[in-house]
Amino acid sequence: MKRTTGQNRAITKTWRPATQAIRGGTVRTEFGETSEALFLTSGYSYDCAEDVAARFAGEQAGMTYSRLQNPTVEMLEERIALMEGAEACRAQATGMAAMTTALLCQLSAGDHVVAARAAFGSCRWLTDSLLPRFGITSTTIDSRDNDAWKAAIQPNTKVFFFETPANPTMDIVDIEYVCTLAKSHGITTVVDNAFCSSVIQRPMDFGADVVAYSATKLMDGQGRVLAGAVCGTEKWINETLLPFQRNTGPNLAPFNAWVVLKGLETLELRAMRQSENALAVGKFMEGRVPTILHPGLESHPQYALAKKQMKACGPIFSFILDGGRRQAHDLLNALELIDISNNIGDSRSLMTHPASTTHHNMGAEAREAMGIGEGMLRINVGLEDPLDLIDDLDRALRKVGL
Ligand SMILES: *Cc1c(COP(=O)(O)O)cnc(C)c1O
C-alpha cells in the first residue's frame with residue numbers, strides 16, 4: 001500500500017476549498033502517481049467467483065461495472081462534494097443529464113414543481129414540456145419575487161427548481177428565503193449553480209437541499225468536455241438519486257471526469273480572476289450601453305442580495321442594446337478578439353445573442369415574459385487581459401454607433 005493523502009475523511013473534510021480543489025478525493029494506485037490516474041475501463045475482474053457474488057450482494061467493497069462505479073469518476077465526485085460542502089455527489093454525462101436526473105429521480109405522476117421563469121433554455125424545456133408528459137405539473141414564476149414562490153405552492157408541490165444568477169437575465173434568487181420557505185413545506189430545493197461554481201456561491205450554506213451542475217462551464221473551464229454533477233445528502237444521493245442513475249445510465253465518461261478533475265485544480269484562480277475581469281469590463285460597458293445587467297455593479301437592482309450570497313460577481317453578464325437583433329448581430333460581427341460563442345465559464349471571452357441561440361427554441365412569447373429581448377447580448381469574460389477585451393468592445397461599439 002502506497003502512502004496516499006486524502007484517505008482520512010475526518011481530516012480531509014477540514015481542508016479549505018482551495019486545498020480540496022487540488023487534493024480532495026485523490027486515491028493513488030500502487031505506483032504512487034502524483035496526478036490522478038485515468039481508469040478507462042468498463043468492467044472489473046475478480047479473484048474468484050465467491051468475491052463477485054459477495055460484491056453483488058453488497059457484502060464486499062469493490063467495483064463491479066463502470067455504470068455503477070469507476071475510480072476516476074469517484075475521485076471527481078468526492079472532490080466536488082468536498083468543495084461544495086456536500087455529503088455526497090454523483091457525476092453525470094452533461095449538465096442537462098444532471099438536471100434531468102435531479103428532477104426525475106424524485107418526481108412521480110401527480111407531483112408539482114415550482115420553477116424559475118428565467119432559466120437556461122433546456123431547463124425550461126424540462127419543466128414546460130418533459131415533466132407534463134409524465135403527469136408532473138409545474139408553475140413558472142418570477143424567481144426574484146419571494147411572495148411568488150410562496151403563492152405558487154400547492155399541496156402536491158415536491159420541488160423548487162431555480163438557477164441564480166439566471167441565464168441570461170442575471171435575475172438573483174434569494175436562496176436563503178426560498179430554501180427556508182421550501183423546508184417549512186417539506187419541499188426539496190434543486191439549485192442549478194452553473195453560473196458560479198462552489199468557489200463563488202455555495203447554495204447549501206443558505207439551506208439548499210440539492211445543487212446541480214453543468215461542469216462543462218467553470219469546472220472544466222477550458223471548453224473541452226461536457227460534464228455534470230448533482231450534490232446532496234448521503235441519504236438522498238443513495239436512496240433517491242442512485243437507483244435512478246444506476247438503472248438509466250446518464251454516467252460521465254472516465255476521460256471527461258479526468259479532464260474536469262484537472263480543471264478543478266485551477267477553478268478558484270480562474271473563477272476569481274474572471275470575476276475581476278468581468279467587473280472591469282462591466283464598469284467600462286456601464287454608461288456605454290443603454291442597459292447592463294451585472295451582479296457586480298451597484299446598478300443591478302439586486303446588487304445587495306448578490307453581494308450577500310456570492311463571493312464574487314462571476315464571469316457572466318448581459319446588456320441590452322436599443323437597436324434590436326440587427327444592432328446586436330452587428331456588434332457580434334464587429335468583434336476581433338471576443339469569440340461569437342454560446343458557451344460560458346470558459347477561459348476565453350465569448351459573446352452570444354440569447355434570443356437567436358440559447359433561448360431560440362422557447363419562442364418569442366416565453367422569451368418576452370422572461371425579459372429576453374432582441375437587443376440582449378450575454379458575455380462570458382475570460383482570462384485575457386481585460387484591457388484588450390475593453391479595446392475590442394470599444395472598437396465594436398463604435399462600429400455600431402455607440
Ligand atoms: C450550460 C447550462 C446547463 C446545461 O449544461 P450542459 O453541460 O450544456 O448540458 C444547465 N444550466 C445552466 C445554467 C447552464 O448554463
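The values are calculated or read from the model by the stated rules, or taken from the named source; none is laboratory data. Computed from a predicted model, the values in this text were never measured in an experiment. Here the Cβ is made from the backbone with ideal geometry for all residues, glycine too, and neighbour counts use every protein chain on show. Heavy atoms of the whole protein, side chains included, go into the accessibility calculation; ligands, DNA and RNA do not. Shrake-Rupley method; radii C 1.70, N 1.55, O 1.52, S 1.80 Å.
The condition (being open to solvent by 20 Å² or more (accessible area, probe 1.4 Å) and without any contact (Cβ under 8 Å) to a residue 12 or more places away in the chain) is satisfied by just one residue among Gly223, Gly287: Gly287. Entry remark, the range 263-281: residues being in contact (Cβ under 8 Å) with a residue 40 or more places away in the chain and either crowded, with 18+ Cβ neighbours inside 10 Å or of a type in the set (Phe, Trp, Tyr) (or both) number 12 in total. Put simply, of Asn333, Asn342, Asn361 the only residue that is in contact with a Ser or Thr (Cβ under 8 Å, 6 or more places away or on another chain) and polar (S, T, N, Q) is Asn342.
Quick check: is even one residue across the range 386-395 away from the ligand (no atom under 16 Å from the Cβ) and in a loop (DSSP other than H, G, I, E, B)? No, there is no match, as no residue in the range 386-395 is away from the ligand (no atom under 16 Å from the Cβ) and in a loop (DSSP other than H, G, I, E, B).
A quick yes/no check of all residues on (1) part of a helix (DSSP H, G or I); (2) modelled with pLDDT of 95 or more; (3) open to solvent by less than 10 Å² (accessible area, probe 1.4 Å):
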{"residue": "Thr140", "(1), (2), (3)": "no, yes, no"}
{"residue": "Ala151", "(1), (2), (3)": "yes, yes, no"}
{"residue": "Val159", "(1), (2), (3)": "no, yes, yes"}
{"residue": "Phe162", "(1), (2), (3)": "no, yes, yes"}
{"residue": "Pro165", "(1), (2), (3)": "no, yes, yes"}
{"residue": "Glu176", "(1), (2), (3)": "yes, yes, no"}
{"residue": "Leu181", "(1), (2), (3)": "yes, yes, no"}
{"residue": "Thr189", "(1), (2), (3)": "no, yes, yes"}
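Within the range 85-136, restricting attention to residues that are hydroxyl-bearing (Ser, Thr, Tyr) and near the ligand (Cβ under 10 Å from one of its atoms), which residue is farthest from Val230 (Cα to Cα)? By that ranking, first place goes to Ser122. Here Ala229 does not qualify as aliphatic (A, V, I, L, M), closer than 22 Å to Asn343 by Cα and not assigned by TED's automatic domain parsing to the domain that holds Glu78. Meeting the requirement of 3 or more residues that are in contact (Cβ under 8 Å) with a residue 60 or more places away in the chain, among the basic types (Lys, Arg) and under 30 Å from Leu131 (Cβ atoms), no helices (runs of 4 or more DSSP H) wholly within the range 1-107 can be named. With respect to Ile344, determine if the residue is at pLDDT 95 or above, out of contact with any His (no Cβ under 8 Å at 6 or more places or on another chain), within 16 Å of the ligand (Cβ to nearest atom) and of a type in the set (A, V, I, L, M, F, W, C). Yes, satisfied. Screening the range 138-163 for residues that are of a type in the set (Val, Ile, Thr) and in contact (Cβ under 8 Å) with a residue 40 or more places away in the chain and picking the one that is nearest to the ligand (Cβ to nearest atom) gives Val159.
Just give me the residues in the range 343-372 being surrounded by fewer than 18 Cβ atoms within 10 Å (Cβ to Cβ) and within 24 Å of Leu279 (Cα to Cα), in sequence order. Matches in the range 343-372: Asn343, Arg348.
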